[in-house]
Amino acid sequence: MTSTVQTCDIAIIGGGLVGASLAVALAPLNLRIVLIEAATPPGSAPSWDERCIALNAASQQIVASLGLWDALAPSVEPIRSTHISERGRFGVARFTAEQAGLPALGYNVPMRALGAVFAEAAVRTSLQTLAPARLRSLQPAGDAAHLIVELAGGPAELHAQLVIAADGARSTVRELLGIGAASRDYQQSAIVTAVRPQRAHGGVAYERFMPSGPLAVLPKPDDAQGHACSLVWTVATEQCGDYLALSDADFLAAAEDAFGERLGRFAALGRRAAYPLERVISERISAPRVLFLGNAAQSLHPVAAQGFNLGLRDVATLAEVLAEPGDRGASERLARYEAQRESDRARVAGFTDGLVRVFSNAVPGLRSLRHLGLLALDLTPPLKQAVLQQNLGYGSAVPPLARRRG
Ligand SMILES: Cc1cc2nc3c(=O)[nH]c(=O)nc-3n(C[C@H](O)[C@H](O)[C@H](O)COP(=O)(O)OP(=O)(O)OC[C@H]3O[C@@H](n4cnc5c(N)ncnc54)[C@H](O)[C@@H]3O)c2cc1C
C-alpha cells in the first residue's frame, strides 16, 4: 500500500547518461522533475563504468551549451583525425578536423567523468532524485501518468504529466506498456580496456575492421607514466571468454597482432570488461504521457560510436520541445518530438547496422567492394563530407543546443 501521492511535471526513469543529461538540460525550465534510478547515486549508475565515450562535435556543443564543458575538459582527449582500415587490405579512409573546419572531430572521454559532471550539475538544480528506486507500475490516466516506485522504505505513488523512459535497452517502461522492440543479437561482444602504446597517438582514432568485428584504438590523455589509449575490440561472443581469460601479455600480443604496428608495442593499463552487442529498436518512441529516449528508444552497436551521441540529440531536442509552457505531456507535443527525431534516428541506426553487416562479412566479392568503398570514401569529397557531417552529429536537423556558436 502507498501512503501519500506526489505530483510532478516530469518523471525521468533511469539516471544513466541520458536520464542524467536530460535532468540537467531541463533545469532552466523550472519544472518539478523527479528522477528515478535503480542504483544509488552519486556516480554509481551501472552504465558509468570504465568505458570511454567518443563525443562527437554536436555532443561537445550540447555539453558546452549546458555550461559543463569546462568541468569536463580536463578529462577529455581531442580526436584530431580518424583512420579507418581493414586488416589485410591497403585501402584506408581518413577524416581530419581540418576537413571539418573544426579544432577536433570529437573528444574521447571516460564515461565516469561524464557521469560525474552531469551528477554534480544535477545537484545544483531543484531536481528530486529517488535512488535506489525501481519503477514497478505505470498507468497513463487522462491528464497524468500514475507510477508506483519501489523505494527502500516501501512503495511510493507519483503522478506525472510526462514520463521519460531513459531506462536503457531493456526498458521496464516498454515492458510495462506492452510495447515491442526489434532486436538483433550480433553474436559479438566488445572487450574494453586501456593500453599504453609505445608511440604517441597524435590524436588519431583508429578503427580497423576484421572478420570478427572492428578493433578501435582511441586517444586518451598522456600521463606521467606515458601514452594512453582506450581499446574496444569486438570479437565473436563464443570466443569472448577465451580472450578475457588470456594473461595480460597474451592479450596484448593478440591485440598488437590484430592492430598492426602503427603505435608500437602495447603495455597493459586497465582491466578488461566485456559487453554483449545487440541492436534494440523500440517499436514506438511515444505512448500516452510517455516518451522513450536514448538506449530505451534505440540501442546500437558501438562500431560507429553513435549511441550516446544520438541519445544526447534526443535530449537536446526534447529540451526544446518542452520549453513552451502548457501541458508537457500533451499528445501534440509528443508527436512533435517524435517527428523531429525520426530522420536522425533512422539514418544513424541504419548506417550503424549497415557498417556491422558489411564489415563482418567474409564473402570474397564483398571484401573487394569494401576495399573499393574505403578508397572511394577517401577520394570522393562530397561522399566524404556527407559521412563526416553525419559522424559529427550534423547529418540531420540540429537542435538549438547543438548549434555551433560564432
Ligand atoms: C562498448 C561500448 C562502447 C560505446 N562507445 C560509445 C561511444 O564511443 N560513443 C557513443 O556515443 N556511444 C557509445 N556507446 C553507447 C553508449 O554507452 C550508450 O548509448 C549510452 O550509455 C546509453 O545511455 P542510457 O542512459 O540511454 O542507457 P543506460 O546507460 O542503459 O542507463 C539506463 C539507466 O536506467 C536505470 N534503470 C533501468 N531500469 C530501471 C527501473 N525499472 N527503474 C529505475 N531505473 C532503472 C539503470 O540502472 C541505468 O542507470 C558505447 C556502448 C558500448 C557497449
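Restricting attention to the range 101-113, the residues being surrounded by fewer than 20 Cβ atoms within 10 Å (Cβ to Cβ), of a type in the set (A, V, I, L, M) and outside any loop (DSSP other than H, G, I, E, B) number 2. Which one of these is farther than 21 Å from S81 by Cβ and either away from the ligand (no atom under 14 Å from the Cβ) or without any contact (Cβ under 8 Å) to a residue 40 or more places away in the chain (or both): D222, D185, D242? D242 is the lone residue from the list that is farther than 21 Å from S81 by Cβ and either away from the ligand (no atom under 14 Å from the Cβ) or without any contact (Cβ under 8 Å) to a residue 40 or more places away in the chain (or both).
Number of residues in the range 195-210 that are away from the ligand (no atom under 13 Å from the Cβ), assigned to a strand (DSSP E or B) and aliphatic (A, V, I, L, M) equals 3.
Candidates in the range 114-134 are the residues that are surrounded by fewer than 19 Cβ atoms within 10 Å (Cβ to Cβ) and either within 22 Å of the chain's Cα centre (by Cα) or part of a strand (DSSP E or B) (or both); of these, the one that is farthest from the ligand (Cβ to nearest atom) is E120. Is there a residue in the range 354-361 that is within 16 Å of the ligand (Cβ to nearest atom) and modelled with pLDDT of 95 or more? No: the range 354-361 contains no residue that is within 16 Å of the ligand (Cβ to nearest atom) and modelled with pLDDT of 95 or more.
A Cβ distance below 8 Å, combined with a sequence gap of six or more or placement on separate chains, defines the contacts here; from the range 117-128, residues that are free of Cβ contacts under 8 Å to residues at least 60 places away in the same chain reach residues that are in a loop (DSSP other than H, G, I, E, B) in the pairs V117/L68. Restricting attention to the range 135-160, the residues that are within 22 Å of N295 (Cα to Cα) and surrounded by 21 or more Cβ atoms within 10 Å (Cβ to Cβ) add up to 6. Applying the condition of being assigned to a helix (DSSP H, G or I) and in contact with a strand residue (DSSP E or B) (Cβ under 7 Å, 6 or more places away or on another chain) to the range 385-396 and asking which residue is nearest to Q61 (Cα to Cα) yields L392. Here G270 passes the criteria (1) within 21 Å of F209 (Cβ to Cβ); (2) under 23 Å from the mean Cα position of the chain (by Cα); (3) within 16 Å of the ligand (Cβ to nearest atom) except the one numbered (1). Among the residues of the range 146-179, what is the count of those that are assigned to a strand (DSSP E or B), over 25 Å from S299 (Cα atoms), within 15 Å of the ligand (Cβ to nearest atom) and of a type outside the set (D, E, K, R)? Result for the range 146-179: 6. In this structure, R208 does not qualify as more than 23 Å from A254 (Cβ to Cβ) and touching an Asp or Glu at 6+ places or on another chain (Cβ under 9 Å).
Scanning the range 299-329 for residues that are away from the ligand (no atom under 16 Å from the Cβ) and in contact (Cβ under 8 Å) with a residue 40 or more places away in the chain turns up E320, L322, A323, D327, R328, G329.
For the range 79-110, give me each residue that is hydrophobic (A, V, I, L, M, F, W, C) and closer than 15 Å to L215 by Cβ.
The answer is I84, V92.
Identify, please: which residue in the range 11-33 is outside any helix (DSSP H, G or I) and surrounded by fewer than 24 Cβ atoms within 10 Å (Cβ to Cβ) and is, among those, farthest from the ligand (Cβ to nearest atom)? Within the range 11-33, the match that is farthest from the ligand (Cβ to nearest atom) is N30. Taken over the range 287-298, the criterion of being out of contact with any Asp or Glu (no Cβ under 8 Å at 6 or more places or on another chain) and either of a type in the set (D, E) or within 6 Å of the ligand (Cβ to nearest atom) (or both) is satisfied by N295 alone.
The values are calculated or read from the model by the stated rules, or taken from the named source; none is laboratory data. Here the structure is a predicted model, which means the values were calculated and not measured. No Cβ is skipped: glycine too gets one built from the backbone with ideal geometry, and neighbour counts run over all protein chains shown.
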